[in-house]
Amino acid sequence: MTEAQFAYSVVHRLRDAGYQALFAGGCVRDMLLGLEPHDFDVATDARPEEVQRLFRRTLAVGASFGVIEVLGPRGEDGKPLRVQVSTFRAEGPYSDGRHPDRVTFTTAEGDASRRDFTINGLFYDPIAAQVIDYVGGRKDLDERVLRAIGNPWERFAEDKLRMLRAIRFAARFDLTIEPNTFQAIREMAQQITVVSAERIAEELRRMLTDSHRARAIQLMWDSGLVHAILPELVPFKEAPWGSTGNVWDHVVRVLDRLRDPSFPLAFAALLHHLDGEAANSICRRLKLSNDERERIVWLIENHDYLCNAPRMRISQLKTVFAHPGIRELLDLHRADAEADGRSTEHVAFCERLLEQWSEAEINPPPLLSGSDLIRMGLKPGPLFRTLLERVREAQLEGEVKNADEARQLVQRLLSSEGLSGEPKT
Ligand code: ATP
Ligand code: MG
């Protein structure tokens, strides 16, 4: 059974029990756009407890908002199919600009009008094969317009996250934003900061991993949302790039050149003209995970590192090739070069070597460790690090091949280069 078939069966069961039941929101929009919905939502006049009574396996995911998840048979991936069943509801008032103070149960029409955009406010009756449209969403979809339901100033005042959602949907589905809807965002953009960092980051994540990321980020700029969320980028517009351009336009072109980037790669591309420290503090402000933050900062700090790859030492290449982010770093180099119409030969050069060299050649087990140096009679100290680094370098260059040769190198370094095993006084 597919998810669509399961959702259909859920609607059927509710209807047999005498309730209204319709597909709602994103799945209707996606079907009308000829896209495969990634999840199905059912809206009904049955109360949550009635939904729970009607189905054998349910989860009360948002019971207080009237949302029950109904579990079905296993899908293709072996996990149970899931459909969210929501009781028609109205929300409000919104005293904090983030969450409704309470919800009340209402009709299908009332439920449509609490939704954010007309294209997201459609219902579909899968049994009659009929679209039910209380908000003019169908026309807007046909004309490819993103429009707030009702008064956009009021709707964005209720929930400020909707401003980011507007940009995300407009970019993803190639829609023009209706002028009043856009004007409201421009006037209210600075208020986005009442929304939690996690929710803002989640919207950025979805925008930047979508193939329309360049348009999304340009709309973010035009609406004033970049100024509100990432003020560090504002100087990019005035910073010259090339003979006639500016850094902002360059960054947008780099984003456009990425193909299926991870979020850290796309975010690093957006921030790559900042220094590592500034990028680090942005990642902390947005409460990204440590892994993501470290990857983003590493990509930014190394975004130019491989431009001269054919003239770099083998040991330097192997060290960066051993980093788990190397593929993303090469993708960033390629996009960066393509954005400026530069050659990508340095990237191709690295990719050839990555093919050619085995894992063991790139990152072989070290020949010597600190305890080996102690066994050679050296006293632990700051010198250890230098010696081990020099040995590692020589190993990666192929100049020393085993522990014996590595020890001989240590002896040579100690005698000939004025490196002393004694602590400095
Ligand atoms: P996606 O494919 O990104 O999941 P979606 O339309 O399904 O798109 P969801 O965030 O899953 O978006 O929300 C489901 C539906 O709930 C939306 O289509 C919309 O009708 C409604 N909705 C979601 N978030 C809001 C919001 N902040 N304000 C008003 N309505 C919302
Ligand atoms: Mg959804």
TODO: Go through region 180-191 residue by residue and turn each phi into a ³J(HN,Hα) via Karplus (6.51, -1.76, 1.60, θ = phi - 60°); whole Hz please, and just put x for glycine and proline.
DONE: 5, 4, 6, 4, 4, 5, 4, 6, 10, 3, 4, 7
- [ ] Take the Cβ-Cβ distance between Gln5 and Trp153 as r, set R0 to 35 Å, and report the resulting FRET efficiency rounded to the nearest 0.05.
- [x] 0.25
- [ ] For His303, His227, give the ranking by accessible area with the largest first, probe 1.4 Å.
- [x] His227, His303
Open item on the list: Calculate the FRET efficiency for Ser369 and Ser315 from the Cβ-Cβ distance with a Förster distance of 22 Å, rounded to the nearest 0.05.
Closed with: 0.75
Task: Separation in nanometres of the label points that stand 7 Å from Cα toward Cβ, at Ala348 and Glu232 - done: 3.5 nm
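Can you give the extra length, in nm with one decimal, that the chain gains between Glu294 and Gln411 once fully stretched, where that is 0.36 nm per residue apart less the Cα-Cα distance?
Details: separation 117, 0.36 × 117 = 42.12 nm, distance 3.71 nm.
Value of the extension gain: 38.4 nm.
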Task: Fully extended contour minus Cα-Cα distance, from Asp101 to Asp304, at 0.36 nm per residue - done: 68.1 nm
Open item on the list: Order Tyr124, Tyr134 by their accessible area, 1.4 angstrom probe, all chains in place, largest first.
Closed with: Tyr134, Tyr124
Open item on the list: In 5 Å bins starting at zero, report the fraction of Cα pairs in region 53-131 per bin as a rounded %.
Closed with: 3, 13, 16, 21, 20, 14, 9, 4, 1
- [ ] Describe numerically, in nm with one decimal, the distance between label points set 7 Å from Cα along Cα→Cβ at Asp260 and at Leu71.
- [x] 3.1 nm
Task: Two-site label geometry, Ser196 and Ala129: point separation in nm, points 7 Å out along Cα→Cβ - done: 4.4 nm
Task: Efficiency of FRET from Cβ geometry, Ser358 and Arg385, R₀ 30 Å, rounded to 0.05 - done: 0.65
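Rank these by accessible area, largest first, 1.4 Å probe: Lys318, Lys287. The partial results should precede the final answer.
On the way: Lys318 25, Lys287 125 Å².
Highest to lowest solvent-accessible surface, that is Lys287, Lys318.
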- [ ] Would you mind checking Lys237/Lys318; Lys79/Lys160; Lys139/Lys287; Lys160/Lys237 for any pair whose Cα atoms are more than 28 angstrom apart?
- [x] Lys237/Lys318; Lys79/Lys160; Lys139/Lys287
Task: With DNA, RNA and ligands ignored, accessible area of Met207 (1.4 Å probe; Å², nearest 10) - done: 10 Å²
Task: For region 301-425, projected area of the alpha-carbon convex hull averaged over all directions, nm² - done: 9.3 nm²
Open item on the list: Only sites in a loop by DSSP and with at most 10 other Cβ atoms within 10 Å count here; which GluC sites (Glu not before Pro) in region 228-312 make the cut?
Closed with: Glu238
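Once fully extended, how much extra length lies between Lys79 and Ser243, figured as 0.36 nm per residue of separation less the alpha-carbon to alpha-carbon distance?
Details: separation 164, 0.36 × 164 = 59.04 nm, distance 5.53 nm.
Contour length minus the Cα-Cα distance gives 53.5 nm.
The values are calculated or read from the model by the stated rules, or taken from the named source; none is laboratory data. From a predicted model like this one, the values you see are computed outputs, not experimental measurements. Here Cβ is always computed from backbone atoms with ideal geometry, including for glycine, and neighbour counts include all displayed protein chains. Note: areas computed on protein heavy atoms with side chains; ligands, DNA, RNA excluded. Shrake-Rupley method; radii C 1.70, N 1.55, O 1.52, S 1.80 Å.
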